[in-house]
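> Sharing a structure here in structure tokens format.
Nothing in this text is a laboratory measurement; each read-out follows from the coordinates by a stated rule. What you are looking at is a predicted structure, and each value in this text was computed from that prediction instead of being measured. Backbone-built Cβ (ideal geometry, glycine too); neighbour counts: all protein chains shown.
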Amino acid sequence: MGEAIVVTSGKGGVGKTTTTANIGTALALQGKKVCLVDTDIGLRNLDVVMGLENRIIYDLVDVAEGRCRLGQALVKDKRFEELYMLPAAQTKDKTSVTPEQVKDIVLELKKEYEYILIDCPAGIEHGFRNAIAGADKAIVVTTPEHAAVRDADRVIGLLEQSEVESPKLVINRIRPGLIKSGDMLDVEDILQVLNIDLIGIVPDDELVIKAANMGEPTVMNPDSGAAIAYRNIARRILGDAVPLMQLDRKPGAFKKLKKFFGIG
Amino acid sequence: MTVVSKHVRIKGIKDGLVFLLDDKCPFEELLGELRYKLEHSHQNILTGPIMHVDIKLGSRLVTDEEKEAVLEILRGPGNLLIRSIEAQNAPKPVNESSLYVMSGILRSGQVLNHKGDLLFLGDVNPGGTIACTGDVFILGALRGMVFAGVEGNEEAVIAASVMAPTQLRIAEIISRPPDEWETRESSMEFAFLSDGVMKIDKIHNIVKLRRDLNVFKGV
């Protein structure tokens with residue numbers, strides 16, 4: 001039986017889809033059987049970030065409504081044998097599936113895959129309830145901004161009321177320079193408010209944008225700081241004790257870090 | 001020797017005595033004074049013939065043991081026949097009058113409504129709200145909103161270990177930091193209304209506002 005992890009944030013644009021794609025790919029990189037599920041019906045992005053848009057035949061809604069079997073809707077990744085994606089429908093909206101239907105689909109996937117990563121839409125309405133319905137665990141993504149932290153807090157509150165295990169936090173798009181000059185919330189500030197376990201910090205990295213536009217998850221590129229951060233998160237999910245990334249080093253420090261961990 | 005009567009008053013009526021016992025002071029203090037009074041004063045009344053006695057406890061909430069303790073003292077002189085013992089106002093339901101304790105993290109979008117006084121163990125995050133008819137005491141960081149005295153109680157106070165709220169309300173008054181008041185960090189503080197204006201002070205000064213609180217003066 002696999003493990004279903006929902007990636008959520010409340011606020012839009014903090015990097016849920018990027019995080020889903022990269023953690024999923026990093027887990028596949030570690031040799032795990034992984035399936036990514038996009039629940040952002042009507043505004044799907046995961047397929048674009050993964051570069052799998054042109055391979056979609058059926059989608060989540062088709063499976064829910066019985067127009068196809070689950071296996072038919074899964075899109076196999078072009079890089080990894082054991083990485084699959086269940087795309088969302090683009091022509092429907094969130095209300096076209098119910099939380100129960102998503103739960104059944106996730107349950108079905110758990111028989112086949114070791115990790116199921118569910119990309120949650122922004123907001124806390126129907127789409128959010130769909131996304132968390134089948135999840136065992138949750139990863140909350142936030143950025144070091146007050147608005148994002150506020151929304152993360154709201155979502156953590158909702159997750160605590162649900163059946164999902166206590167959520168873990170990813171702080172995305174950290175800019176060490178800004179934190180140093182006091183213009184950005186630092187990790188401690190955020191943890192003090194949110195009061196949940198941190199599973200990773202990801203530095204802001206231009207390579208992420210580049211990679212997303214090319215349909216190739218950043219995690220594939222070992223020269224990217226964000227890639228190392230995502231690989232670390234994946235290893236922590238697998239149960240390794242990986243120390244937090246040191247962000248305030250000079251450029252080039254990531255290389256040393258990588259050498260230290262023997263990656264790349 | 002005359003006793004300064006603070007908590008015990010004895011009134012004579014046509015066919016007996018009425019003992020009016022203060023309902024605000026600590027119970028032990030009340031018993032002490034009652035004992036002292038019976039032993040050191042009113043000898044002329046207490047050594048006389050058998051007397052009917054009514055005891056009035058005011059709105060104090062008493063247990064059976066406490067009632068028994070009062071009766072025990074009054075039986076001492078031997079000539080007092082207790083006719084009735086009553087608490088004038090019906091005691092309030094326990095859950096409304098006593099301090100209710102809750103724990104957790106109040107997160108953005110969550111609202112905690114409570115009737116009575118509340119002790120909250122944990123943080124109140126920005127966007128979280130506590131609304132209470134009585135006082136609110138927070139052992140943790142207050143970063144969200146607290147509304148004390150929701151039904152118009154201007155005596156209500158709000159106290160927090162870390163006072164950094166987005167907004168505070170007591171009865172009708174709404175106040176927001178830091179433009180209206182500044183909090184001095186690293187010491188527990190409380191907010192209260194003084195002449196319709198919200199003020200912040202250190203927690204030990206709460207006794208200046210609340211005379212009915214039991215004060216610790218050392219052992």
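> Could you list the GluC sites (Glu not before Pro) in segment A:80-122 that lie in coil according to DSSP, counting only those with at most 14 other Cβ atoms within 10 Å of their Cβ?
In loop regions of segment A:80-122 (DSSP not H, G, I, E or B), the sparsely surrounded GluC sites (Glu not before Pro) are A:Glu81.
> For peptide B:101-107, compute the average count of partner chain beta-carbon atoms within 10 Å of each residue's beta-carbon.
Mean number of neighbouring Cβ atoms from other chains: 4.
> What is the antiparallel percent of DSSP beta bridges lying wholly in chain B, to the nearest 5?
30 percent
> Pop out the ³J(HN,Hα) list for segment B:166-172 in order, Karplus 6.51 cos²θ - 1.76 cosθ + 1.60 with θ = phi - 60°, rounded to Hz; leave Gly and Pro as x.
Result, rounded to whole Hz: 7, 7, 10, 10, 10, 6, 8.
> What aspartates and glutamates does B:Lys115 reach when the alpha-carbon gap must be under 13 Å and sequence neighbours fewer than 8 apart in one chain are set aside?
Those aspartates and glutamates meeting the cut-off are B:Glu96, B:Asp135, B:Glu151.
> Given +1 on the Cβ of Lys and Arg, -1 on the Cβ of Asp and Glu, and no further charges, what dipole in debye does chain A carry about its Cα centre, rounded to the nearest 20?
Dipole of chain A, to the nearest 20 debye: 840 debye.
> Please report the antiparallel percentage of the DSSP beta bridges confined to segment B:94-209, to the nearest 5.
30 percent
> Given axes a ≥ b ≥ c from the Cα gyration tensor, I'd like to know whether segment A:1-108 is rounded (a/c under 1.5), prolate (a/b larger than b/c) or oblate.
Cα axes put segment A:1-108 in the rounded bin.
> Here's a follow-up. My understanding is that a pair violates if its Cα-Cα distance is over 27 Å; which of B:Lys56/B:Lys208; B:Lys14/B:Lys56; A:Lys11/A:Lys111 do that in this structure?
Listed pairs above 27 Å: B:Lys56/B:Lys208; A:Lys11/A:Lys111.
> What size of dipole, in debye to the nearest 20, comes out for chain B about its Cα centre when the only charges are +1 on Lys and Arg C-beta atoms and -1 on Asp and Glu C-beta atoms?
Using only the charged Cβ atoms, the result is roughly 320 debye.
> Once every DSSP H run of n ≥ 4 in chain A is given -39500 (n - 2.57) and the sum is divided by its residues, what mean residue ellipticity at 222 nm do you get, rounded to the nearest 500 deg cm²/dmol?
Helices in chain A give a 222 nm mean residue ellipticity of -12000 deg cm²/dmol.
> Shifting gears a bit: Looking at segment A:75-182, which trypsin sites (Lys or Arg not before Pro) are in a loop (DSSP not H, G, I, E or B) and have at most 14 other Cβ atoms within 10 Å?
When the trypsin sites (Lys or Arg not before Pro) of segment A:75-182 are filtered for loop state and at most 14 Cβ neighbours within 10 Å, A:Lys78, A:Arg79 remain.
> Compute the signed sum of charges (Lys and Arg +1, Asp and Glu -1) over the other residues within less than 11 Å, Cβ to Cβ, of A:Val63.
Local charge sum for A:Val63: -3.
> To continue, here is another question. Starting from the Cα gyration tensor of segment B:94-209, take the square roots of the eigenvalues, sort them a ≥ b ≥ c, and report rounded, prolate or oblate (rounded when a/c is under 1.5, otherwise prolate if a/b is larger than b/c, else oblate).
rounded
> Let me ask you something else. How about B:Lys24: which aspartates and glutamates have a C-alpha closer than 12 Å to its C-alpha, ignoring those fewer than 8 places off in the same chain?
Filter leaves B:Asp212.
> Divide, for the protein assembly as shown, the radius of gyration over alpha carbons by 2.2 N^0.38 Å, where N is the residue count.
1.42
> Among the GluC sites (Glu not before Pro) in segment B:122-168, which ones are in a DSSP loop with at most 13 other Cβ atoms within 10 Å of the Cβ? Mind listing them?
B:Glu151
> May I pose another question? Which percent, to the nearest 5, of DSSP beta bridges fully inside chain A are antiparallel?
5 percent
> Then there is this: Taking A:Lys76 as the anchor, which lysines have their alpha carbon closer than 16 Å to its alpha carbon, excluding any fewer than eight residues away along the same chain?
Within reach: A:Lys32, A:Lys33.
> Name the residue farthest towards the positive end of the dipole of chain A from the options A:Asn172, A:Leu109, A:Met220, assuming +1 on Cβ of Lys and Arg, -1 on Cβ of Asp and Glu, about the Cα centre.
Of the options given, the answer is A:Met220.
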